[in-house]
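Written out below as structure tokens is the structure these notes cover.
The values are calculated or read from the model by the stated rules, or taken from the named source; none is laboratory data. These numbers come from a predicted model, not from an experiment. All Cβ positions, even for glycine, are placed from backbone atoms using ideal geometry, and neighbour counts span all protein chains on display. Calculation scope for accessible area: heavy atoms of the full protein, side chains included, ligands and nucleic acids excluded. Shrake-Rupley method; radii C 1.70, N 1.55, O 1.52, S 1.80 Å.
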Amino acid sequence: MSGKVAVVTGAARGLGRAFTEALLKRGDKVCFCDVDVQQGKQTENELKKNFGDDNVQFLPCDVRKDEEFKDFFNRVIQKYNTVDIMVNNAGIMNENQWRTTIDINLTAVIHGSLLAMNHMKNKSTGGGLIVNVSSLAGVMPVSFCPAYTASKHGVIAFSRSWALHPELKKNRIKITCLCPSFADTDIIKGTDDKVHGPKLARMVMKQYGLMVTDRVTEAFLRVLDDADNNGKAMMVTPKIMDYHTFHDPKL
Ligand SMILES: NC(=O)c1ccc[n+]([C@@H]2O[C@H](COP(=O)([O-])OP(=O)(O)OC[C@H]3O[C@@H](n4cnc5c(N)ncnc54)[C@H](O)[C@@H]3O)[C@@H](O)[C@H]2O)c1
Ligand SMILES: CC[C@@H](O)/C=C/C=C\C[C@@H](O)/C=C/C=C/C=C\[C@@H](O)CCCC(=O)O
């Protein structure tokens, strides 16, 4: 039994919900948020039935809204006294709404990470883990969704940069990324008007294959259990489950 307190953003459905369930199965307590209040409440009811009323809590929050996000994070601390694991998962894919894509996929991940770091460095027990959900599109170019790809590269650059910082090491805070290829959730559905070249997108997705969410959860748990995960980016595709090798220039 792990017994930690975790926060997961955008967990009313999809990968966020799968990560929440995996954490609950380990014996963690989870507070999750989503902008979709109806789906969030339904998921909360289902999870409470399986894992107990006190172990899981849904709170509505649009991570784009700074005050709402701050308030959500503070309410988690009020309820569970601490946060040990922060999973910045909420994300969208829409090239026609590229500013919103950057706001949710990158700016809010930065905000969520900073909220978690501030709390984790001040708490008496110290330490914590931040898991930022990037994408395989965070380590390679993807022609049909350049803004999404930029947001996911940004998540990795931000996380790897903080991971090097001595202050994080001193406070035993680790920051790591998860980089799935295509998984069977709503984000990959009905995207024809959201990408540059829907035919190409479908072709690439067919080539790569679609993962069940359980496979991504397996990679998520592997990262959680790995003491040496700081500053790393775990790729997960139908064939690969391994950290990406970065070729940083040697100066
Ligand atoms: N499914 C894939 O193929 C895949 C691959 C790589 C990375 N990812 C990433 O995984 C993460 C989860 O995506 P998913 O596949 O579960 O998609 P999804 O669409 O099923 O779930 C995303 C969730 O985020 C929520 N959300 C969106 N905007 C929000 C906001 N402003 N505030 C709070 N919540 C918000 C949605 O309501 C939804 O519940 C995303 O960051 C996505 O980019 C997904
Ligand atoms: C049809 C799917 C698409 O519209 C939605 C995708 C949403 C999320 C998945 C994303 O995170 C994963 C992307 C992975 C890309 C992997 C491979 C590319 O490098 C291949 C690019 C080839 C090309 O663009 O020519």
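When the stretch 1-59 is examined, which residues are found to be open to solvent by 50 Å² or more (accessible area, probe 1.4 Å) and among the aliphatic types (A, V, I, L, M)? Residues satisfying the conditions are M1, V35, V37.
Taken over the stretch 106-164, the criterion of being open to solvent by less than 20 Å² (accessible area, probe 1.4 Å) and among the hydroxyl-bearing types (S, T, Y) is satisfied by S113, S134, S135, T149, S151, S159.
When every residue of the stretch 225-238 is checked against the conditions, at least one turns out to be assigned to a helix (DSSP H, G or I), at pLDDT 95 or above and either farther than 21 Å from A12 by Cα or out of contact with any His (no Cβ under 7 Å at 6 or more places or on another chain) (or both). Against the numbered list (1) surrounded by fewer than 21 Cβ atoms within 10 Å (Cβ to Cβ); (2) away from ligand 2 (no atom under 16 Å from the Cβ); (3) among the basic types (K, R), K189 comes up short only at (2). Given (1) of a type in the set (A, V, I, L, M); (2) part of a loop (DSSP other than H, G, I, E, B); (3) exposed (fewer than 14 other Cβ atoms within 10 Å of the Cβ), identify the lone condition not met by M203. Here M203 meets the rest and fails (2).
Contact map, the stretch 109-137: residues that are at pLDDT 95 or above paired with residues that are open to solvent by 30 Å² or more (accessible area, probe 1.4 Å) and of a type in the set (V, I, T), Cβ distance under 7 Å, separation 6+ or inter-chain. Pairs shown: H119/I77.
Among the residues that make up the stretch 212-226, is at least one of them among the acidic types (D, E) and open to solvent by less than 60 Å² (accessible area, probe 1.4 Å)? Yes, some residue in the stretch 212-226 is among the acidic types (D, E) and open to solvent by less than 60 Å² (accessible area, probe 1.4 Å). Output yes when any residue across the stretch 172-189 is in a loop (DSSP other than H, G, I, E, B), modelled with pLDDT under 95 and more than 12 Å from ligand 1 (Cβ to nearest atom), and no when none is. No - not one qualifying residue is present in the stretch 172-189.
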